[in-house]
Each structure stands twice: as C-alpha cells, then as structure tokens.
Amino acid sequence: MRALARLAVTTLLVAAPLTAVTAAASAVADPTPITVLTSDFEDGTVQGWAGRSAETLAPSTTVAHGGTGSLSVSGRTATWQGPSLDVLDTFVKGTAYTISVWVRTASGSDNARLSVERRTGGVAAYDQVAGNTAVTSGGWTNLTGRYTLATDVEFLRIYVETASTTGAFFIDDVTASYVPALPIQTDIPSVKDVVTEFPVGAAITGAETVTEHGQLLAKHFASVTPGNALKWDATEPSENTFTYTQADPLIAWAKAHGTAVRGHTLVWHNQTPAWVFLGADGQPMTATAEDKELLLGRLENHIRNVAGHYGDDIGVWDVVNEVIDESQADGMRRSTWFTVTGLDYIRTAFRVAREVLPAATLCINDYNTNVAAKRDALFALVSQLRTEGVPVDCVGHQMHINVSWPSVADTRAMLQKFVPLGVEQQITEMDVSIYTGSGESFPAPPADRLLQQAYVYRDMFALFREFAGEITSVTLWGLADDNTWLDTFPVTRKDAPLLFDTVLQAKSAYWGVVDPSKIEQTPPGTSGCAVTYRVTGSWTGGFQGEVKVANTGTTAWTGWTLTWAFTGGQTVTQLWNGTVAQSGTAVTVTNTSWNGAVAGGGSATAGFLGSWTGGNPAPTAFTVNGTACTVL
Ligand code: XIL
C-alpha cells in the first residue's frame, strides 16, 4: 500500500439526543472505522514483524501487493511458523477489530490462515481470525476476519500460518481497524421485561460479555447460549483431554448476572474432531460392533465430563443437534454417528445426560422444523424415543429464517405438531436474514428489508407468546448485527438478522418484539452521494488520479460500489483503497474491508494509476450503489 494513499482517519461522534420515541428511529449512522495498524513494507524494513520460530523474515521487492515492497517469509520448518506482530499495546479488550492481510506464496499453493496467539498466566490459546483460504504464487489473496479480545492477556500476537506445506510466502498491506462502539440505549425497555412468558436469550461468544456488548446483553436478555464454546471441538479437542477455557468465562458471566444458560451441544456431526470417528486401527469407523462400542464409549465419556463439569449451572442442553434428514426414507441424517450406531447414539446421549443431570431439560434440536416433511420426521423420531422411555424433554426449533420465509401459518403448524406429545418446546437459534436467496448481496441493509424484518419479529413473537404454555425459552442466534454467523453463511455478505445494529442500537426489529406500534416511526434515512474526481499527475501515456465518494444522505453505507465510464480509452492499471474491475469503458470500484462503512456525511477516497491514449477527459457521471451521484 502506498502510505500517502491511506484513507484519512476521522472519528465521527454521533451525539444525537435519544428520547424514547426518537430512539425508535435508531438511525444512528455508523461511525467511520479507525485504523490502528498498517504494515505496508514500503520502507525496506520488516516493520516490527518477527517469525514465530527460527524462520527468516526480510523486506522484499520481488512482489508487492501495493507499491513496491512486501515481507518475505522463508526457512519455515513447520506449518504453524510464519510472520507475527505484537499487538498487545494496540488491541483493547472488548473492541472488535477487522484485520486484513494479503498473502502470496513464493511457489506452489496451500491454504493460509490468519490467527491470534494470546497468553494469560503463561497459558497459550489460539484464535482463528480468518480460516483456511487458498493461496498461490500467481497473485495476492486477501485474508480478512474480525477479532475481539475478551480476556486479560500478557501476550498477544497476530500471525499468518499455512495448512499443509512449509514453503516461503509473502505478506503485504496488513491493516487492523475498528468501528467505535456507541453507548447502549438505556432509555428503551428491556426485552426481558417486556416478554415475560419465557426467557428470551442470545447466543454469545466472549466478545458479547465485555464492555458495551456486555451491558446490552445484561440489559435485554434473560438467557445465553454459548454459540461455539461448548461444542465438542472446543471441549474435547483430543481424546479425554477436556478444556473449558472458552466456555468457563461465559458460564461465570451468566452466573454473575443471574442469567439462564442453554448448553449447546453435546452431539453433532459438525465441529466434532476427526479423532472421534477413527477406529482403534486409526481408520474411519464403519458399522462394526467394535467401532460402535468404541464410539458410544467416547460419547458417554464426553457427556459425563462436559455435562458433569457444569452440573446445575446449565439447566437446558441440546443433547443432540440436527439428526434429521427428511430426504431419507427413515428420516435420519447419514452422519457417522448414525451409520456406525443407528439410533443408539441418540439413546445413549439422552440416557447419560439424564443420569448426570437429573434436573436438566434435555432437548433434541433441529432446523427447518417449519417444513412439513422435516417436522413429521422429527415428530416420528421423538414419539418413538419417548415410547421407548428415552428422556427427550424438549424439542428445539432453531428458526434460522428470513424476511419472507416461512409463513406464520407454517410456524404455527410447527408448534402445534408437538403439542400432543406433551414436550417442552424452545426456539433455540432464531435469526431473520435480510436475504431471500443466496444470490443476493447488499452493501447496506435496505430500508424495506429492515421493515419487513420488523414485521417478521412482531408476528413470530406474537405467535410464540400465544404458545406460552408450550414454549419455555426463545433464543436469538447472536446479540447484535456486528457479530452474526450469517455474515459468512451460506455465502460471505453482510447480513443484519438481529434486534440491534452493528453499533448496538435498537433496530425496527427490536420494536417489532417490544412495541410494534413504534415500528412505523422509524423515519426512513435519506440517501445521496457526491463524487469528486481529480487527475493528480499526468505524463505521456499515463496518469494518476483520485476519486472521492461522499455519503450526502443520513443512512450509513456498510459498503460502496462506485461506477463510471472512461470514454477517452483510459484504463485503470492499479488502484488503492478499493478493488477495481474494468470492462471496456465501464469501471467499477468497490470498497476494501476497512473503508466500506461510510457514515452519513462521511467519505472514502481511492487513488489509482491509469494509462491513456488520445485524450484523458474526466468522467461526467458516477453512481454509488446504483444511484446517480452529484459530481463535484
Ligand atoms: C454456528 C456458529 O454460530 C458459527 O460461529 C460456527 O462457525 C458454525 O456454527 N446451527 C447450529 C449452530 O446448531 O451450532 C450453528 O452455529 C448455526 C447453525
């Protein structure tokens, strides 16, 4: 990256007074991100980076992502070795950083990961910021992820490692930025005070329990579900070695705040380490008596340890998760659990959980239970298990839904179906995606989708409250839109499925739950843009330019796509602070990971080099996110 081309960092403090009614608007603009670190390797030094072991780090001009310099990493003897940077004095606990790095191999291909090593009391823990991403020698690949430090540490370094080979690689243009949190709204009703028929909960990671996030969680929610911390890969990564470093602080937080806990999950086909399904011979298990005994033994040991570790501190468990596949004649998912043990893994899991926790509510949890074929298969299984005496107390409906699906009628049928069984029912993972198909992607949540979403929350919560005699808990899969699994599932795009926005302010969706009469009071934000285009230098056949996009409306952008036409035969040859695509005369520039959020009144600037033949006329028309802009 060219140092001079870095986006100017500005902090925008939004201090609009919030009354109970204007709070409904919550049109608080996203503040501009603040960049806390940049490593561009343009000055011929390693800029503070060091190897994790004895590998060699050196400034390089062999390849560069931007400018002429990058950092070369060679002499690696293990995949976990790689360049690392001390961020102990840079990162603040409770702040969500977006970290971005560009990676390119010296030769060959591999997968690269962006990770964090932290140490507390001398004990190391490793967090993944960006998972395995294919990298090659043919071009640069971006690794971007979000990271929030949730504990006190005495050691904190970010690093890049690879998955399988130890070859040399390059990194360049590392940035870390954050969007300043806003104070939470204290003058709006708490969800848990309004909805009292059952506890309303949120799925959490450590990041949700500290600073403003922790305040928001404590104010509104009566229950929490660790989103990943209790899964098998987190609690028993290798056989009979149990670790509770992720989950213990969350359960402690819940205890300290008098918050209920849903345990998720004891048995699943995902996020379960590979060793679980390897036989004594190290080969994948098959349907033999020997493998079945070994697998059920591992299952029993896992449940005795994990459920036993928390005892009565966790009152509800998702004992088994997602075991149904309605496309199978018998309705059962063909997981290794099933192919090796048949239904016995489910029987064993519930029996052992009941033995360890006689007082807990034991659930079978699944998604799409609003789909008739799926709920019928689940119903048949639960009926059979209960007839056999298997202690299934509760059916969990995940409710990962979207703004146009499913209907209230189908959701009612879902709840109604299980009433005759006399089981408890829980909504366990609700979120309402703003997308209605995997082909959609919006740079910012459109106002009409957010309104639709508010009505979905209104209607679904009204239905849940109608079924208060059956439903014993409703959990949302996340606290606020700044941290949702839907940002990367089923594809990577910004989603906004929860009650609070990315800066923790109440959305219309919140009012859908708390007071639907206030939904309509959300004034639509205004939109508008202005573009300034300048040629900053020009020589025979080439030129340097700069283009600034300004958000002249009041609705923040969470991303921007700028277009113009080069009618004089110009071609962009290189661009910084954005990503460029040119097809004929049509130029499209999109934001980078760190300059996509532009508050109302804010702006972002990209610079570029171009070639030209004939003339170099300035473009006369620009669009941002599909809307024509004023040209300044
Ligand atoms: C998701 C988590 O939220 C993600 O962080 C993780 O990467 C994948 O799993 N159904 C479930 C949950 O039962 O465990 C899943 O949680 C979401 C779908």
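Return the total of residues in segment 274-288 being among the β-branched types (Val, Ile, Thr) and not in a helix (DSSP H, G or I).
2
Looking at (1) more than 16 Å from the ligand (Cβ to nearest atom); (2) open to solvent by less than 20 Å² (accessible area, probe 1.4 Å), which one does ARG351 not meet, given that it meets all the others?
The one condition ARG351 does not meet is (2).
Could you list, ordered by first residue, the pairs with Cβ atoms under 6 Å in which the first is in segment 223-239 and within 16 Å of HIS269 (Cα to Cα) and the second is part of a strand (DSSP E or B) and not aromatic (Phe, Trp, Tyr), at least 6 apart or interchain?
GLY227/ALA203; LEU230/GLY263; LEU230/HIS264
Would you check if TYR244 is over 19 Å from ILE364 (Cα atoms) and outside any helix (DSSP H, G or I)?
Yes; evaluated as a whole, the condition is true for this residue.
Within segment 207-245, how many residues turn out to be hydrophobic (A, V, I, L, M, F, W, C), surrounded by fewer than 20 Cβ atoms within 10 Å (Cβ to Cβ) and within 16 Å of the ligand (Cβ to nearest atom)?
Adding up the residues that qualify gives 1.
How about segment 300-343: which of its residues are polar (S, T, N, Q) and either modelled with pLDDT under 95 or not in a helix (DSSP H, G or I) (or both)?
ASN321, SER327, GLN328, SER335
If you scan segment 319-341, which residues turn out to be within 15 Å of the ligand (Cβ to nearest atom) and either free of Cβ contacts under 8 Å to residues at least 40 places away in the same chain or surrounded by fewer than 19 Cβ atoms within 10 Å (Cβ to Cβ) (or both)?
Of everything in segment 319-341, those that are within 15 Å of the ligand (Cβ to nearest atom) and either free of Cβ contacts under 8 Å to residues at least 40 places away in the same chain or surrounded by fewer than 19 Cβ atoms within 10 Å (Cβ to Cβ) (or both) turn out to be ASP325, ARG333.
Among the residues of segment 188-206, write down those that are away from the ligand (no atom under 16 Å from the Cβ) and in contact (Cβ under 8 Å) with a residue 12 or more places away in the chain.
Hits for segment 188-206 are ILE188, PRO189, SER190, VAL191, LYS192, VAL194, VAL195, GLU197, PHE198, PRO199, VAL200.
If we keep just the residues of segment 389-398 that are away from the ligand (no atom under 14 Å from the Cβ) and not in a strand (DSSP E or B), which is surrounded by the fewest Cβ atoms within 10 Å (Cβ to Cβ)?
GLY389
Only one of these is under 28 Å from THR387 (Cβ atoms), of a type in the set (S, T, N, Q), crowded, with 20+ Cβ neighbours inside 10 Å and more than 24 Å from the chain's Cα centre (by Cα): THR428, THR411. Name it.
It is THR411.
Do any residues in segment 364-375 that are in contact (Cβ under 8 Å) with a residue 40 or more places away in the chain have Cβ atoms under 6 Å from those of residues that are within 14 Å of the ligand (Cβ to nearest atom) and open to solvent by 10 Å² or more (accessible area, probe 1.4 Å), where the two are at least six apart or on different chains, and which pairs are they?
As it stands, the answer is ASP366/GLU322; TYR367/HIS400; LYS374/ASN368, since those pairs meet every condition given.
The conditions are (1) surrounded by fewer than 17 Cβ atoms within 10 Å (Cβ to Cβ); (2) in contact with a Ser or Thr (Cβ under 9 Å, 6 or more places away or on another chain); (3) hydrophobic (A, V, I, L, M, F, W, C), and TRP564 fails exactly one of them. Which is it?
The failed condition is (1).
Which residues, counting only those in segment 601-629, are open to solvent by less than 40 Å² (accessible area, probe 1.4 Å) and not in a strand (DSSP E or B)?
GLY602, GLY615, PRO619, CYS629
The values are calculated or read from the model by the stated rules, or taken from the named source; none is laboratory data. Quick caveat, the model's predicted, so the values are computed rather than measured. We place every Cβ from the backbone using ideal geometry, glycine too, and count neighbours over all the protein chains shown. Ligands, DNA and RNA are excluded from the accessible area calculation, which covers all protein heavy atoms including side chains. Shrake-Rupley method; radii C 1.70, N 1.55, O 1.52, S 1.80 Å.
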